[in-house]
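What follows is a set of notes on a single structure, which appears directly below.
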Amino acid sequence: MDLRPDAWIAVALPAFGFIAIFISYLLRGDGEKKNWWTDGAAVAGVGAIGASAVLSFLIFFQVWVELGPYQSPTQWGWIQAGGVILGTGLHIDGLSSLLMAIVSFLSTCIAVYSTAYMHEEKALHRYYFEIMLFITGMMGMVVVDNYLFAFMFWEIMGLCS
């Protein structure tokens with residue numbers, strides 16, 4: 001089974017984690033302090049990044065051992081004006097698959113460590129909002145195949161910094 005065309009899922013998982021954390025933030029009561037692990041922020045964050053890391057390691061294995069590099073045959077169109085289409089696709093080669101694995105693994109380690117380190121903080125949801133968005137930007141920078149979307153993912157990381 002070729003996972004390389006589905007590498008966008010590894011990028012989207014932290015974004016889905018961001019959305020899940022936002023929903024859990026809305027569902028908890030205003031000013032209500034719940035258990036730092038079970039209120040949803042840490043579970044959604046670590047789960048999304050961990051799943052992204054597993055998928056990234058499988059893609060890394062496929063690129064380096066089995067199937068080789070991958071360039072998406074069709075681009076996802078974003079804006080179309082006349083004959084010009086602004087869009088993006090995936091570019092998965094040896095370096096990008098290695099960086100996907102490194103970014104997702106280190107992000108998982110940071111998220112797990114920060115659950116204990118920041119357990120007394122009141123703004124734990126905000127921290128996980130930002131870290132999920134930052135990781136989405138990093139993962140997007142690694143696999144995108146054009147400068148427009150590379151710039152957009154770069155600016156997402158800058159916003160979170």
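The values are calculated or read from the model by the stated rules, or taken from the named source; none is laboratory data. The model shown is predicted, which means the values in this text are computed figures rather than measured ones. Virtual Cβ from ideal backbone geometry, glycine too; neighbours counted across all protein chains shown. What goes into the accessible areas is simple: the full protein's heavy atoms, side chains included, and nothing from ligands, DNA or RNA. Shrake-Rupley method; radii C 1.70, N 1.55, O 1.52, S 1.80 Å.
Taking every residue in the range 6-24 that is in contact (Cβ under 8 Å) with a residue 40 or more places away in the chain and pairing it with any residue that is surrounded by fewer than 17 Cβ atoms within 10 Å (Cβ to Cβ), at least 6 positions away or on another chain, the pairs with Cβ-Cβ distances below 8 Å are Gly17/Gly47. Of all residues in the range 57-75, none satisfies the criterion of being surrounded by 14 or more Cβ atoms within 10 Å (Cβ to Cβ) and acidic (Asp, Glu).
Using the structure shown, decide if Leu106 is open to solvent by 20 Å² or more (accessible area, probe 1.4 Å) and in a strand (DSSP E or B). No.
Would you confirm, using the coordinates I've provided, whether Trp78 is open to solvent by 70 Å² or more (accessible area, probe 1.4 Å), modelled with pLDDT of 90 or more and not in a loop (DSSP other than H, G, I, E, B)? Criteria not met by Trp78. Of all residues in the range 123-144, none satisfies being open to solvent by 80 Å² or more (accessible area, probe 1.4 Å), basic (Lys, Arg) and farther than 21 Å from Pro14 by Cβ.
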